Amino acid sequence: MNAFLHDLLNGNPLLLRSIAAMALAAVACGITGTYVVLRRESYAVGAVSHSLLGGIGLALLCAERWHLAWLTPWTGALVAALAVPLLLTWCTVRLKMRQDTVLSAIWALGMAIGLSCITAMRGYQPDLNSYLFGSILMIAPADLAVIAVLDILIAAGVLCWHKRFVALAFHQELLELRGLSVTTTQLILQLLVAMTVVILSQMVGVVLCIALLILPAAAAAALSRRIGAIMLFGALLSLLCCLLGVALSYDRLPCGLLLSPGATIVELAALCYFFAAAIYKVKKK
């Protein structure tokens with residue numbers, strides 16, 4: 001903790017970029033996480049997050065084979081994340097396939113493609129830990145710029161479609177009565193969630209981003225029933241968990257353990273959720 005405060009006060013550029021990324025990610029997390037919790041679609045988020053590994057592996061393989069310097073792993077992750085809602089909509093709406101089965105197939109296929117592409121690389125194979133569990137303290141300026149752009153797109157989408165998203169969560173019939181497409185509204189929301197997953201995957205990794213997206217919003221939903229308040233509290237809880245998680249794992253602990261920032265952030269988010277759920281149960285009595 002002392003080293004964290006020292007580097008923060010002395011303007012360590014790596015730490016400042018990480019904190020800026022945390023703030024931007026918290027905004028997206030609070031907004032889209034609220035819709036996910038209200039619609040109870042955490043399994044869909046898991047399918048999107050794990051499919052990122054397929055995009056990452058494919059981008060690494062293509063960049064190595066054809067020397068495509070512009071094709072970064074996170075570019076592949078973004079393409080894979082945006083492809084999942086499109087594929088899901090096509091399979092469930094056009095082909096009338098069961099959504100849970102399609103999500104399971106996407107989840108498994110994304111992981112399998114990623115592992116196959118990485119093992120097919122010649123020579124040195126990249127370490128998967130940074131992709132699976134995040135590298136929040138290694139945010140580059142280019143990564144921060146991408147996060148900011150995705151944040152703007154998410155905020156713009158919510159400003160334009162918020163009422164439709166609320167109707168989708170509670171009264172889909174209202175959309176149909178107004179002549180609005182439920183499928184299109186759901187697809188737009190899924191694309192915004194996919195962008196948020198890409199943002200969070202750079203911070204806590206492919207495996208853990210589902211927890212950071214859902215748990216702060218779920219904790220906020222246990223304390224409030226107003227959508228605006230849930231978004232605000234969810235964003236604040238997300239930012240608080242990120243800051244405390246990085247601060248606690250910044251130094252080796254006195255007992256000799258070296259914590260993972262991503263895992264510590266998710267553990268704090270889980271504690272917040274269980275604490276909020278306990279308060280809700282007590283208040284309900």
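Values as computed for the structure displayed
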| quantity | calculated |
| --- | --- |
| Residue ID - modelled with the lowest pLDDT, chosen from residues in the stretch 104-132 that are of a type outside the set (Gly, Ala, Ser), assigned to a helix (DSSP H, G or I) and under 17 Å from residue 208 (Cα atoms) | 129 |
| Filtered residues of the stretch 28-42 (kept if surrounded by 19 or more Cβ atoms within 10 Å (Cβ to Cβ) and assigned to a helix (DSSP H, G or I)) | 28, 29, 30, 31, 32, 33, 34, 35, 36, 37 |
| Filtered residue count, the stretch 90-111, keeping only those that are without any contact (Cβ under 8 Å) to a residue 24 or more places away in the chain and in contact with a His (Cβ under 7 Å, 6 or more places away or on another chain) | 0 |
| The stretch 218-256 - residue that is of a type in the set (Gly, Ala, Ser) and either on the phi > 0 side of the Ramachandran plot or touching a Ser or Thr at 6+ places or on another chain (Cβ under 8 Å) (or both) and, of those, modelled with the lowest pLDDT | 256 |
| Where a residue in the stretch 171-194 is under 19 Å from residue 31 (Cα atoms) and its partner, wherever it lies, is surrounded by fewer than 19 Cβ atoms within 10 Å (Cβ to Cβ) and polar (S, T, N, Q), with Cβ under 6 Å and at least six apart | 187/89 |
| Residue 194 being in a helix (DSSP H, G or I) and modelled with pLDDT under 95 | no |
| Residue in the stretch 5-25 that is in a helix (DSSP H, G or I), within 30 Å of residue 232 (Cβ to Cβ), modelled with pLDDT under 95 and of a type in the set (Val, Ile, Thr) present | yes |
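The values are calculated or read from the model by the stated rules, or taken from the named source; none is laboratory data. Not measured: the values here are computed from a predicted model. Cβ sites come from the backbone with ideal geometry, for glycine too, and all protein chains shown count toward neighbours.
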